[in-house]
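Note sheet for the following structure.
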Amino acid sequence: MRVSSVVPLLLAAAPAVSAAKGTLGFALGNKNADGSCKTTNDYKLDFETIGHLTTMVRTYSAKDCNTAEAIIPAAKDKGFKVVLGVWPDYQESFDDDVNALSKSVPGNEDVIEAITVGSEVLYRKSLTAQKLLERIETVQTKFPKVTVGTVDSWNKFADGTADPIITSGKVNYFLANGFAYWQGQDISNATNTYFDDMAQAKAHIEKVAGDNAKNIRFGNGETGWPTTGGTDYGAAKASTELAQEHYHKAVCGLLTWGIDVFYFEAFDEPYKPKSVGDNGQASDETKWGLYTAARKPKWSDIGCPN
Ligand SMILES: *[C@@H]1O[C@H](CO)[C@@H](O)[C@H](O)[C@H]1NC(C)=O
């Protein structure tokens, strides 16, 4: 074995104490601009578009739009790795996603970076941490060769809500979402807020994990900023210029700290209905892409400096 090939592996295994950069990935929707389900070919076009920035994406459910079945062959073809999602909030959605994964995952573990059970379940109070832990363990038992974890809002890790999952010692992959935008932060304080959110979530997880902390992989599951045409949220203003600033300062900055980031999101999702935020106001969620739905970049120097 060549020494030069050993060193980067050692660094990658110990991000907290090394200068290794975090890995950038993208959140990826499973529908085309017209709301139809993406096919394997659509995923291939997505991967061709973002392939110079990343080879990692995360998706949210396995059965909806046959996401797992459609995306795996595209990932194999284009050299991508995928984090697959399970929606555990309801027994039916959980069973459906686990069944879909049972058909798609075995034999394809080489392109599956991880499976995440839950996306902000604790934040929405859909399940208790104990119940979510049970569902994560069920999935881990079914797919013993795959890393299985969960994703929640940063504050649910920081405030102890997720402690039963962390202290079980059975789950070692945690992604914390953090949006300074949804915290109504002016762009001038957005990077600071984002770093602080991530630092609080990471520190709490490591503290309560105790000796198991060394086995835990922590990353940012989602961050982002809406571009021009999106809805403002308090002092946070939707603008392509500000989205660019947030990307370069916050996202590239966290990667420099050695923390993995999934940017929300790769492409606009124009079919999305308006949603209601914590401030009670309807908001447009269709303009969060780094690229338009037609796969055109929104600014010219997308990417982080090396
Ligand atoms: C700036 O961000 C920090 C960290 O999140 C926060 O504590 C502070 O209140 C923010 N400042 C303003 C003016 O909102």
Please work out which one of (1) under 16 Å from Met56 (Cβ atoms); (2) over 18 Å from the mean Cα position of the chain (by Cα); (3) charged (D, E, K, R) is the condition Lys274 fails and give its number.
(1)
Scanning region 191-216 for residues that are closer than 23 Å to Ser239 by Cβ, out of contact with any Leu (no Cβ under 8 Å at 6 or more places or on another chain) and touching a residue at least 40 places away in the same chain (Cβ under 8 Å) gives Thr191, Asp197
Against the condition more than 21 Å from Tyr60 (Cα to Cα), assigned to a helix (DSSP H, G or I) and of a type in the set (Lys, Arg), how does Lys249 come out, does it pass?
yes
If we keep only residues of region 178-193 that are assigned to a helix (DSSP H, G or I) and within 8 Å of the ligand (Cβ to nearest atom), then the residue farthest from the chain's Cα centre (by Cα) is Asn189
Identify all residues within region 39-73 that are under 15 Å from Ser93 (Cβ atoms) and in contact (Cβ under 8 Å) with a residue 40 or more places away in the chain; write none if there are none.
Tyr60, Ala62
If Ala209 passes every condition in (1) more than 19 Å from the chain's Cα centre (by Cα); (2) not in a helix (DSSP H, G or I) but one, which one does it miss?
(2)
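A quick yes/no check of all residues on (1) crowded, with 18+ Cβ neighbours inside 10 Å; (2) among the hydroxyl-bearing types (Ser, Thr, Tyr):
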position: Asp211; (1), (2): no, no
position: Gly221; (1), (2): yes, no
position: Ala266; (1), (2): yes, no
position: Thr286; (1), (2): yes, yes
Conditions (1) assigned to a helix (DSSP H, G or I); (2) under 21 Å from Gly219 (Cβ atoms); number of the one not met by Asp95:
(2)
Matching residues in region 73-102 (within 21 Å of the chain's Cα centre (by Cα), surrounded by fewer than 19 Cβ atoms within 10 Å (Cβ to Cβ) and either among the aliphatic types (A, V, I, L, M) or within 13 Å of Lys44 (Cβ to Cβ) (or both)) number 4
Do we find a residue being under 24 Å from Leu53 (Cα atoms), out of contact with any Gly (no Cβ under 8 Å at 6 or more places or on another chain) and of a type in the set (D, E, K, R) anywhere in region 242-265?
yes
The residue from Gly280, Gly230 that alone is at positive phi and out of contact with any His (no Cβ under 7 Å at 6 or more places or on another chain) is Gly280
Some residue of region 223-234 being more than 16 Å from the ligand (Cβ to nearest atom) and either without any contact (Cβ under 8 Å) to a residue 12 or more places away in the chain or within 16 Å of the chain's Cα centre (by Cα) (or both)
yes
May I ask you to say which residue of Gly118, Gly107 is buried (at least 17 other Cβ atoms within 10 Å of the Cβ) and farther than 21 Å from Lys214 by Cβ?
Gly118
Of all the residues that make up region 63-111, how many are among the β-branched types (Val, Ile, Thr) and under 18 Å from Glu134 (Cα atoms)?
2
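Coordinate-derived values only; no laboratory data. For clarity, every value in this text was computed on a predicted model and none was experimentally measured. Cβ coordinates were reconstructed from backbone atoms using ideal geometry, including for glycine residues, and neighbour counts include every protein chain displayed.
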